[in-house]
1. So which residues in segment 349-361 are part of a strand (DSSP E or B) and either at pLDDT below 85 or open to solvent by 20 Å² or more (accessible area, probe 1.4 Å) (or both), if there are any at all?
2. With the condition kept exactly as written, say whether any residue in segment 200-221 is modelled with pLDDT under 90, part of a strand (DSSP E or B) and at positive phi.
3. Which members of segment 527-548 meet the condition of being open to solvent by 60 Å² or more (accessible area, probe 1.4 Å), over 21 Å from R499 (Cβ atoms) and in a helix (DSSP H, G or I)?
4. Residues T58, T90: which one is at pLDDT below 90 and over 15 Å from I355 (Cα atoms)?
5. Report whether or not A575 is of a type outside the set (K, R), touching a helix residue (DSSP H, G or I) at 6+ places or on another chain (Cβ under 7 Å) and at pLDDT below 75.
6. Between a first residue in segment 67-78 that is within 16 Å of I343 (Cα to Cα) and a second residue that is modelled with pLDDT under 85 and open to solvent by less than 40 Å² (accessible area, probe 1.4 Å), which pairs have beta carbons less than 7 Å apart while being 6 or more apart in sequence or on different chains?
7. If the requirement is being more than 29 Å from A271 (Cβ to Cβ), assigned to a helix (DSSP H, G or I), of a type in the set (A, V, I, L, M, F, W, C) and touching a helix residue (DSSP H, G or I) at 6+ places or on another chain (Cβ under 7 Å), which of these qualifies: A470, A520, A475?
Amino acid sequence: AGAGAEALPGRPCFEAIAATPSGGEVTALGPTDNKAVFVAHVIGLGFRYLDVSDGSATSWVDAGAVEAALRPLANFGLHFCLVSSGEDETAAHVAFLEAPRSWVSFRLAAVPGGAGSRAEAKTVGHMALPADALAVAGPGSAWSSGPGATLVAIALAGGSVRFFDSSTGKAAGKGLQLGSPGAGEVAMVRLGHRRAALVRNATGNPATTEFFTFALGEEGRRCELELSGTLRTPESRVARSLQGAAHVEGDAQDRIILCWGSGTTSIFETATLNAEVSATAPLPDVASGKGPAPAALWLCVRGYLAEWRLCQDNLSVSVRDSRFGLLVASGPSPLAVQPRGKILSATSDSFTVLIAAGSGPGSATVVRWALPAFTLQAIVGTRVAIAAETEGDLAPLREAASGKRSHDDPAVTELFRTKRRRVTDRALAAELLERRWNHTHSLVDLLVHHKCWAAARALLIRPELDEDLAIRILAAQPQLLIDVVRRPWDPHLLADAIRDHLPVAKLPGIIEVVRLWLEAYAEFPEEVISEHVPDLPRLPEVIDFLNAIADGCAPALSRLEVDQIELVMEAVKAAQAENSRTERLYGAVRAAFRVRRPIRAALA
């Protein structure tokens, strides 16, 4: 039986079909170099291939028998590669962790797409690890072929990372020590050819998340650190645990998705690992209108975020754009799962296989994706039905925002009585986070008229909000200055918006607050400020905002008090001097570390 999202021309969609039973309990799963074939370990049968190339059916093929006691660790997956074994011959190898400190590689008896074999799979290599493995980043659909496809990065409990070769079962070069990880959670993602990233909670400080990007040197001798830094996340995330990370395929930058969980909900954030201090951007919760529900499984597929949530022992899947969190497709996924059951998954190109583990043969589902490059035009109209179902009590507000009712209409004012104001404001904020409203001047008029500041803050989170609307909100509620400065904006459009919509009377107060921020950065290190005031805009954001004010309100600034302007200029000059000093010191340190051994004459 198949299920899936409604297919519309040019829009993302998927189809989920029930797969043929595996013949036994599956303990581990992984992709192969063939986009439509997966490899699994089945208790009592050894390794088997699952072929999903047929449009309406699936089939299992034996790949090699192993001893019955062998049990790969499911959390770390199977890592497949093809190895040349002679003239025009290739052999299939699969590597995995059979224990927290044991890495092993097997040569299978059959290759994907060929005839099956019950012959015994041969051990190629085995290596004992110096500490327990915490996380693994191995070949996925993006690394199914080409140089480096055999490399797997493993994070160890001692705080080190190291690459291993899945074709030999041995280490590839020396490891890299990243310091003690403490007791926090660790996640790893593969970034590209010979590159990976590790994300973990900072030692002794659960409010700070560290990241490291590293690569295996071109000569393959050692693992080298590329960049290390911290991720600035919302304060509400501190009480949650890091459940995983994934790389967004097809993105030119090192952009990842993080998942935080508390047992009842799952929160997703995106971050780009390109600076020593990077801010995360939250993605709206697709289940917010139906009560809290944690994600039973989530994956990043072809640049989209796919989430599976459990509903009455069955899964439903939602597919969202990974940058803005816009829902693009949803539907059932025919997989019978126990409330606390584990789901094994593997993705290769346009296919994802899901298997319910831990209960005998279990059920299996194959998802076929049709996910074109994301555009806003691809989802136009997809939220109309959802909005119509849930608008309920907010219908008068929609009519007021569209001009069908006045802002003082009795039905509208009823929603803002003393006892209902907070509930209405929160409900409106939730719908704005889910992009169920058009961003118009009429909507901002409504928010300002009824002082819906929670909804206004939710609107400011949306990166697509026009600069004119953001500055209109700031003019009505200057306390939202932090949200305005931190959001992404075009400097020229922001300068024009400030000139057109920010009253001159508001300028002194705003400039004074920005000056205090500059003084704080001059007095305290950025790490201390991020720890105690995580929502404060970064220093470059503050400077850029001041530049926009200067470009948009130069005549008005000339009428401000001279003393205030001089204090701001002194703070800016101090920040620029400190930045220049840091750049010079950074260059000197890097130059010192690049000192090479003196050239010696060759012996005669």
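1. Passing the criteria: F351, A356, A357, S359, P361.
2. Checked segment 200-221: no residue is modelled with pLDDT under 90, part of a strand (DSSP E or B) and at positive phi.
3. E527, E531, H532, P540
4. T90
5. In short, yes.
6. Cβ pairs passing all conditions: A74/A357; G77/G138.
7. Numbers: A470 fails: more than 29 Å from A271 (Cβ to Cβ); A520 fails: more than 29 Å from A271 (Cβ to Cβ).
The match here is A475.
Conditions (1) within 13 Å of the chain's Cα centre (by Cα); (2) at pLDDT 85 or above; (3) β-branched (V, I, T), marked per residue:
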site: V286; (1), (2), (3): no, no, yes
site: P292; (1), (2), (3): no, no, no
site: C311; (1), (2), (3): no, no, no
site: V319; (1), (2), (3): no, yes, yes
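The values are calculated or read from the model by the stated rules, or taken from the named source; none is laboratory data. The structure displayed is predicted, hence computed values, not measured ones. Using ideal geometry, Cβ is built from the backbone for each residue, glycine included, and neighbour counts are taken over all protein chains shown. Heads up: the accessible areas ignore ligands, DNA and RNA and are worked out on the full protein's heavy atoms, side chains in. Shrake-Rupley method; radii C 1.70, N 1.55, O 1.52, S 1.80 Å.
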